[in-house]
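Here is the structure we will look at.
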Amino acid sequence: MTGPAADSADAGQRPELTGLEHDFEGTIASERRIEPRDWMPDAYRKTMIRQIAQHAHSEIIGMQPEGNWVTRAPSLRRKAILLAKVQDEAGHGLYLYSAAETLGADREDLTNRLITGAQKYSSIFNYPTLTFADVGVIGWLVDGAAICNQVPLCRSSYGPYARAMIRICKEESFHQRQGYELLLTMMRGTEAQREMVQDATNRWWWPSLMMFGPPDAASPNTEQSMRWRIKRHTNDELRQRFVDMTVPQAEALGVTLPDPQLRWNDTRGNYDFGAVDWDEFKRVVSGNGPCNAQRIAHRRAAHEDGAWVREAAAAHAAKRSEAAA
Ligand code: BYC
């Protein structure tokens, strides 16, 4: 690794910074943003591309579990809402791929890395959506966890990522509310509807806690990303924040979160909660979750089916620039 990043832990011993390294560190220390044309250490660029690409892939793959219900939504109103939400996820993916391009990443290359499994996407999207209550629970828990994780990223040190995140968070907030409103409606419905909501909550609760990443002690990237002010909180801090904000929402909704160890701890001022199954997390992240193969096969087919659109768009752009020359 080059640059100041590797050395910033023990400032006393580090070699003298070059002017460029000094400017980079000064920008971060004074809470200004690193912009695409600024010098940055290779490792910072690599980390940003990794995180932004993984985030973009998550948005795009994340369209599938809910997209599964667009044709079976129970009313025109629910269908219009769901369609708008899934389209928003596509938009988020596009802003994020554009942010990755400002770092020199190539869009085609990123897509190839996704469909060959070389780059990750969020573990959460490898679980099936079995009933329409899953649409509500994804909005409530998955978008709720996403907001909790992403609001601090609006202050991330890389300018294009931080700015993309502001708009994304506004839209995620709408997504979260639509999910919760759907669940409130179902809870006021029949016994069968209430059971569907409880069942979906049981299935999505633990995977939602896994969205925040491995525990801090097993998170190889957190320490450096906190120093670079890419991340503002650790994985465990955000997971705890999510649990604390979600328990009262579950109570208001009238569902039980599937964790017998969940209880308020007066001393800590937080909820205690049970152990996450990190073996399951590892299985899902390494490609062996319930829907990994299906998600990637679907994305690969969509990419191949869209080849003619990309070719036509490139031919059209070439004609226009010839005409303008
Ligand atoms: N799933 O050192 P760590 C949405 C990886 S989409 C899979 O803690 P870091 C939505 C991690 O990448 C929202 N992989 O890493 C869309 C790293 O990989 P490498 C998605 C995970 O980066 C549609 C390794 O494990 N949100 O809201 O410091 C519909 C070690 O982890 C996961 C984002 O992408 C996981 N859950 O922290 C509805 C947020 N967790 O080094 C909703 C942006 C970790 O082996 N990303 N890994 O390549 C982040 O905030 C951070 O990247 C993370 C991980 C907190 C996720």
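The values are calculated or read from the model by the stated rules, or taken from the named source; none is laboratory data. Everything numeric in this text was worked out from a predicted model, so none of it was measured. Methodologically, a virtual Cβ is constructed for each residue, glycine included, from the backbone with ideal geometry; neighbour enumeration extends over all protein chains shown. Note: areas computed on protein heavy atoms with side chains; ligands, DNA, RNA excluded. Shrake-Rupley method; radii C 1.70, N 1.55, O 1.52, S 1.80 Å.
Key figures for this structure:
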| quantity | calculated |
| --- | --- |
| Of LEU20, LEU110, LEU82, the one that fluctuates the most in a GNM where the chain has Cα springs shorter than 10 Å | LEU20 |
| Relative packing of 152-162, 96-106, 285-295, which averages over residues the other C-beta atoms within 10 Å, highest first | 152-162, 96-106, 285-295 |
| Percent carbon-and-sulfur accessible area, the chain, ignoring ligands, DNA and RNA, probe 1.4 Å | 54 |
| The chain: relative contact order in percent, alpha carbon pairs under 8 Å with at least 6 residues between | 17 |
| Peptides ranked, highest mean first, by Cβ atoms within 10 Å: ranges 307-317, 121-131, 22-32 | 121-131, 22-32, 307-317 |
| Relative contact order for segment 200-325, counting Cα pairs under 8 Å that sit 6 or more residues apart, in percent | 19 |
| Accessible area expressed per residue, segment 55-157, with surrounding protein chains retained (probe 1.4 Å, Å²) | 35 |
| For the chain, calculated [θ]222 nm from helices alone, where every DSSP H run of n ≥ 4 adds -39500 (n - 2.57) | -19500 deg cm²/dmol |
| For ALA99, net neighbour charge (Lys/Arg +1, Asp/Glu -1) across residues whose Cβ lies under 14 Å away | +2 |
| Sequence-distant residues sharing a close amide H with ASN270 (under 5 Å, placed H) | ASN265 |
| Surface accessible to a 1.4 Å probe, per residue, for the residues of segment 208-293, Å² | 51 |
| Within-14-Å neighbourhood charge of TYR271 [Cβ basis; K, R +1; D, E -1] | -3 |
| Over segment 216-289: Kirkwood hydrodynamic radius from C-alpha pairwise inverse distances, Å | 14.5 |
